[in-house]
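These notes are about the structure you will find just below.
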Amino acid sequence: MSLLTWVLLITAVAGIGGTGAGAAICACFRKDSKKTVSLLLSFAGGVMLSVVCFDLIMETLFPGGATESANLSLAIAGILTGYGVVALLNYLIDYKTNPEVPHVDSCHPRTADDLDELIHSDHLQVHMGQHSDLFVAGIIMASAIALHNFPEGMIIGAAYAGDGAISLWDGSGWVVALIIGIHNVPEGMAVAVPLMAGGMSKPKAIAVTAVTGVPTVLGAAIGYMLGSVSPLWHAVSLSFASGAMLYMVFGELLPESILMWRSKLPAASMIFGMLLGLILIYG
């Protein structure tokens, strides 16, 4: 099979498998599993930060190990664009869904991603009696998460194309796919909790949640093709992926981790994640 086919397969595992795993956690584990997910998210954030700072950005500035720096302004523009595009998509999703989701109002604190509030038991318990409202909220949330997963797929595709990988395990693309897969776990939880609380059976809720990861595959195909067109797109795709991943670290992974477990351990987990990232890149 071609490399693109393998990239799409690993993206499917990260997108569909990650969200499906989040739904399965909600169906099978107790509420205190949020602590485990919190540590995984912060750990993944540390790994991703290392990949961005010590691999993707360095490859953008010094392609192929060149001694002379590439266009710094192009790298900065790409990073800002990647960050801004993903942040804008998340803002638009939150803006469209906030009026529909009953738990987001003036009495509830806002987070970096309002959709993830439903994974917190204190908010969920308030609305346990509103089965129909929760079911509708779950459907709306599933649609929003599906849209949100598209740019995540672009990040995976761009990482593979930008690294000039010749096999599935070359470069940092597989690391990015793994991290996004972990990131998708709480998103799957955010979709599955209201669906199951609204009366949907556990197997059906897991299946519906897993389907929200399908757009990740389409995004990966587009990101890979854009990054494979020319050396210019090579640099642009790497810098774009770097900016998008920075948003994921500081706009989603870390805030979600802290909200799930207000402790100093997530910060320590992130440091260990950064160290593992260095080992994966330079080891």
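The values are calculated or read from the model by the stated rules, or taken from the named source; none is laboratory data. Since we're looking at a predicted model, the values are computed, not measured. In this analysis, Cβ positions are derived from the backbone assuming ideal geometry, glycine residues included, and neighbour counts consider all displayed protein chains.
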Selection from the range 241-283 of residues that are among the charged types (D, E, K, R) and either in a helix (DSSP H, G or I) or crowded, with 20+ Cβ neighbours inside 10 Å (or both): E252, E256
Output for the range 52-97, where each listed residue is at pLDDT 85 or above and of a type in the set (K, R): none
One residue from I145, I179, I166, I140 being at negative phi, aliphatic (A, V, I, L, M) and modelled with pLDDT of 80 or more: I179
Listing of helices (runs of 4 or more DSSP H) fully contained in the range 1-60 that carry 1 or more residues being β-branched (V, I, T) and in contact with a Leu (Cβ under 7 Å, 6 or more places away or on another chain): 3-12, 33-51
Subset of the range 21-50 that is modelled with pLDDT of 75 or more and hydroxyl-bearing (S, T, Y) - its residue that is surrounded by the most Cβ atoms within 10 Å (Cβ to Cβ): S42
Cross-chain or 6+ apart pairs with Cβ under 6 Å, the range 260-283 first and among the charged types (D, E, K, R), then at pLDDT below 85 and buried (at least 17 other Cβ atoms within 10 Å of the Cβ): none
